[in-house]
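A quick write-up on the structure given underneath.
The values are calculated or read from the model by the stated rules, or taken from the named source; none is laboratory data. Just so it is clear, the structure is predicted and the values come from calculations on it, not from any experiment. Here the Cβ is made from the backbone with ideal geometry for all residues, glycine too, and neighbour counts use every protein chain on show.
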Protein chains: 2
Amino acid sequence: MTRVAPETLARFATDILRAAGTTDGQAAACTRAMMHASLHGVDTHGIRLLAYYVECLAGGFVNRNPEVRIARPRRGAVLVDADCGLGHFPSYLAMEEACAIATDLGIGMAGVKNASHFGAAGAYAIKAAENGFIGFVACNSGALVALHGGTEPFHGTNPMSFAAPLRGRDSFLLDMATSSIPWNRLLLRQAEGRGLPAGVALDGEGNATGDPAVARTLLPLGGADFGYKGAGLAGVIEILSAVLLGMNLSVEEDGFGIQESRLGYFLMAIDPETFIGRDAFERRLSDYLDAVARQAAAGAPVRAAGDAEWAERDDRRANGIPLPEGLDVELAALGDRFGVRIGG
Amino acid sequence: MTRVAPETLARFATDILRAAGTTDGQAAACTRAMMHASLHGVDTHGIRLLAYYVECLAGGFVNRNPEVRIARPRRGAVLVDADCGLGHFPSYLAMEEACAIATDLGIGMAGVKNASHFGAAGAYAIKAAENGFIGFVACNSGALVALHGGTEPFHGTNPMSFAAPLRGRDSFLLDMATSSIPWNRLLLRQAEGRGLPAGVALDGEGNATGDPAVARTLLPLGGADFGYKGAGLAGVIEILSAVLLGMNLSVEEDGFGIQESRLGYFLMAIDPETFIGRDAFERRLSDYLDAVARQAAAGAPVRAAGDAEWAERDDRRANGIPLPEGLDVELAALGDRFGVRIGG
């Protein structure tokens with residue numbers, strides 16, 4: 001297992017994306033989102049995705065030079081047209097705009113249309129928290145997840161992320177797929193030669209399987225008894241992103257392989273100042289995190305949403321980002337293809 | 001099993017609540033919310049709760065004659081002070097106000113403070129949909145649910161509800177606890193002499209149990225492998241309601257028995273007109289519901305969130321609301337106490 005300093009890996013990723021033909025702004029935003037994931041231990045959505053984005057750019061599945069446009073259809077809402085480019089730049093932009101509206105009104109929302117894969121939803125929710133706002137992000141994706149009781153892909157893994165800000169202390173950060181596992185984790189398990197937990201996947205015939213190699217459909221969060229909750233949450237994400245923005249339903253996008261996408265994103269920011277003032281809000285949020293920490297200090301293996309990410313970040317800042325065997329080879333091949341060396 | 005016409009049951013509930021000392025407006029809103037639940041098959045939060053609300057009123061745990069006040073701290077936000085009365089009236093009011101703001105800005109939020117139990121969250125989300133808006137509702141509640149990996153109550157069952165409107169067709173409606181089951185369903189199972197599914201409850205020593213009689217702590221949605229997602233969602237609800245409104249954390253409220261509460265609610269409305277116009281929004285939402293219906297027509301036991309509720313509503317409108325044995329006796333006793341007869 002190689003470990004690489006975050007800055008070194010970031011420079012490599014940006015150089016590769018530029019060499020693959022996209023703009024400085026697009027490459028910088030894509031790198032930033034991948035590095036958010038790689039730094040915080042969300043390896044499914046980290047530097048692993050560089051090769052995928054390169055294929056999207058090289059194959060013409062995303063627009064290498066998009067003209068990202070902003071409209072303001074209502075005072076509380078911004079609409080960003082991603083123009084079929086990479087999803088990261090318009091997502092950061094949309095969250096900035098939602099925060100600006102929330103500064104004014106207390107709450108603001110942004111929709112992104114004509115969009116493709118944006119990586120980890122948490123990258124944009126934490127952006128809101130860095131700006132001092134509660135952030136919420138939702139996005140549908142190509143069909144991979146069965147309905148509760150179903151056997152074929154219907155919803156995407158339809159992730160959501162929520163972050164709440166604290167000055168001088170790590171935020172609350174939830175970043176989750178509405179399936180039990182995201183497809184990228186299945187691929188990661190397969191690459192690592194590991195099986196799947198029970199109740200997370202079906203094979204091509206609709207039978208339960210623990211083998212990532214034959215899995216064709218994921219199951220919604222909640223398992224055999226309560227999967228209707230995970231499917232319901234996936235439906236909420238679908239409505240906020242695809243339906244509200246007039247984009248493709250997950251079932252209209254193929255969850256496998258690389259293709260042109262017409263996805264929608266929904267982003268929202270809330271000003272913690274609104275109801276009780278920021279200081280009082282932060283005291284209550286600290287009380288919540290302290291209460292979790294007290295259970296942990298008493299010996300329970302519990303943590304608040306985000307705690308795992310902050311621990312990984314501290315470790316990886318100090319020791320570098322781990323590149324598992326296979327990924328290092330893949331990145332080196334990308335470097336050879338575009339004449340770029342890691343740390344070169 | 002007795003069945004009673006919805007109007008008859010509603011009149012009885014209102015009469016009882018008036019006799020227990022609250023105002024016409026409070027009694028009407030409480031009845032409306034209970035009847036939403038009873039009509040749509042959410043029996044955990046239906047007329048079953050009448051005796052509980054009567055105890056809250058009779059025991060002075062809620063304010064019988066609250067002065068509900070509205071403030072507008074920001075252009076995008078309304079703050080409703082429930083003045084420690086029943087939670088239903090301020091919730092309907094808050095959602096109306098959120099819809100009014102969304103009419104103007106595209107999105108609007110409302111916080112309710114100094115609040116107690118509001119029944120089924122879905123009652124207020126569906127109110128938004130009836131008004132033509134996407135509705136979202138979240139509320140924390142007394143500690144009953146362990147953290148993932150924990151053994152004692154920390155979060156409430158912290159429900160959320162989301163509804164999306166369609167003219168001339170039943171809406172999408174998700175109304176769920178972030179625990180696998182709500183406490184009221186555990187009580188219902190106990191009353192029916194039924195056990196609990198695996199992985200939903202712990203006894204007083206923190207050991208898994210299927211016996212509702214000894215269960216003391218619920219487990220978060222997601223089970224042994226993915227309970228961190230349910231706990232994370234419960235944390236989101238906690239932040240939107242308790243933290244944002246400066247109210248009690250779930251862990252600061254006893255989940256058992258009747259007491260004075262200081263809960264917060266978060267409600268939000270989004271105008272489907274905002275990004276693509278209402279007609280296009282409704283076409284996409286119909287496409288989504290149609291796609292679910294096609295899988296069901298092909299034989300898969302699947303449905304969209306809300307479908308179960310609409311089926312119950314149709315049945316119960318036609319055949320009356322079922323009162324299981326025990327509940328009919330309890331309601332008759334309430335009637336005797338206040339000199340009110342069902343259908344009298």
Which residue, of B:Ala311, B:Ala333, B:Ala304, is within 12 Å of chain A (Cβ to nearest Cβ) and either farther than 30 Å from B:Ala100 by Cβ or of a type outside the set (Ser, Thr, Tyr) (or both)? B:Ala304
Collect the residues in segment B:241-251 that are assigned to a helix (DSSP H, G or I), facing another protein chain (nearest Cβ under 8 Å), in contact (Cβ under 8 Å) with a residue 24 or more places away in the chain and out of contact with any His (no Cβ under 8 Å at 6 or more places or on another chain), keeping them in residue-number order. B:Ala242, B:Leu244, B:Leu245
If you check B:Ala51, B:Ala94, which single one turns out to be out of contact with any helix residue (DSSP H, G or I) (no Cβ under 7 Å at 6 or more places or on another chain) and not in a loop (DSSP other than H, G, I, E, B)? B:Ala94
Could you check, for segment B:252-264, whether at least one of its residues is out of contact with any Pro (no Cβ under 9 Å at 6 or more places or on another chain), on the phi < 0 side of the Ramachandran plot, in contact (Cβ under 8 Å) with a residue 24 or more places away in the chain and surrounded by 24 or more Cβ atoms within 10 Å (Cβ to Cβ)? yes
Residues within segment B:181-216 that are within 14 Å of chain A (Cβ to nearest Cβ), in contact (Cβ under 8 Å) with a residue 24 or more places away in the chain, within 24 Å of B:Leu49 (Cα to Cα) and touching a Ser or Thr at 6+ places or on another chain (Cβ under 7 Å), tallied: 2
Would you check if A:Val112 is more than 15 Å from A:Ala13 (Cβ to Cβ), in a loop (DSSP other than H, G, I, E, B) and of a type outside the set (Asp, Glu)? no
Which is of a type in the set (A, V, I, L, M), surrounded by 23 or more Cβ atoms within 10 Å (Cβ to Cβ) and part of a loop (DSSP other than H, G, I, E, B), of A:Ala300, A:Ala305? A:Ala305
Residue check, A:Gly222 touching a Gly at 6+ places or on another chain (Cβ under 9 Å) and facing chain B (nearest Cβ under 9 Å): yes
If A:Cys56 satisfies all but one of (1) surrounded by 21 or more Cβ atoms within 10 Å (Cβ to Cβ); (2) in contact (Cβ under 8 Å) with a residue 60 or more places away in the chain; (3) within 14 Å of another protein chain (Cβ to nearest Cβ); (4) not aromatic (Phe, Trp, Tyr), what's the number of the condition it fails? (3)
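Does any residue of segment B:83-101 turn out to be within 11 Å of chain A (Cβ to nearest Cβ), surrounded by fewer than 24 Cβ atoms within 10 Å (Cβ to Cβ) and not small (Gly, Ala, Ser)?
no
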Within segment B:311-336, the residues that are closer than 17 Å to B:Ala13 by Cα and without any contact (Cβ under 8 Å) to a residue 24 or more places away in the chain are B:Val329, B:Ala332, B:Ala333, B:Asp336
Test A:Ala305 against the criterion of being at pLDDT 95 or above and touching a Gly at 6+ places or on another chain (Cβ under 8 Å), and give yes or no. yes
